[in-house]
Amino acid sequence: MEDVQVFNHTKPPRIIWGSILVEVSKGNLKVTKEIPKYEMMSSHTARRSFATNQFKSGAGIASIMAATGHKTQTEFFKYIRMSPDEHSAAH
């Protein structure tokens, strides 16, 4: 791989052709490894996406929280993925 870029944890990973570059430690060495995106997905990704998309589409918070199992709105709002501006508008 010629176009490999090492990144630190303060910057988001660079996405290439349906893969993502991640930095892994092997002993004292840090190696950049290309991993297909589908290997980075889990059922938790789907759960969080569901909650976020339902909220953004206007579904009721109580019904979403019932589906996700959140007990408080505070925890629910920490869980869903939204920009700081979207969070401010929602509260």
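Things to note:
- Selection over the range 8-60 of residues that are of a type in the set (A, V, I, L, M, F, W, C), at pLDDT below 85 and under 30 Å from SER88 (Cα atoms) gives a count of 3.
- The residues in the range 61-84 that are at pLDDT 90 or above and of a type in the set (D, E, K, R) can be counted, and the count is 2.
- Among the residues of the range 39-49, not one is loosely packed, with under 10 Cβ neighbours inside 10 Å and of a type in the set (A, V, I, L, M).
- Condition met for HIS87 (in contact with a helix residue (DSSP H, G or I) (Cβ under 8 Å, 6 or more places away or on another chain), modelled with pLDDT under 85, exposed (fewer than 10 other Cβ atoms within 10 Å of the Cβ) and not β-branched (Val, Ile, Thr)): no
- Output for the range 50-66, where each listed residue is surrounded by 13 or more Cβ atoms within 10 Å (Cβ to Cβ) and either aliphatic (A, V, I, L, M) or in contact (Cβ under 8 Å) with a residue 24 or more places away in the chain (or both): ALA51, THR52, PHE55, LYS56, ALA59, ILE61, ILE64, MET65
The values are calculated or read from the model by the stated rules, or taken from the named source; none is laboratory data. Source: prediction; values computed, not measured. Glycine also receives a Cβ, built like all others from the backbone with ideal geometry; neighbour counts cover every protein chain displayed.
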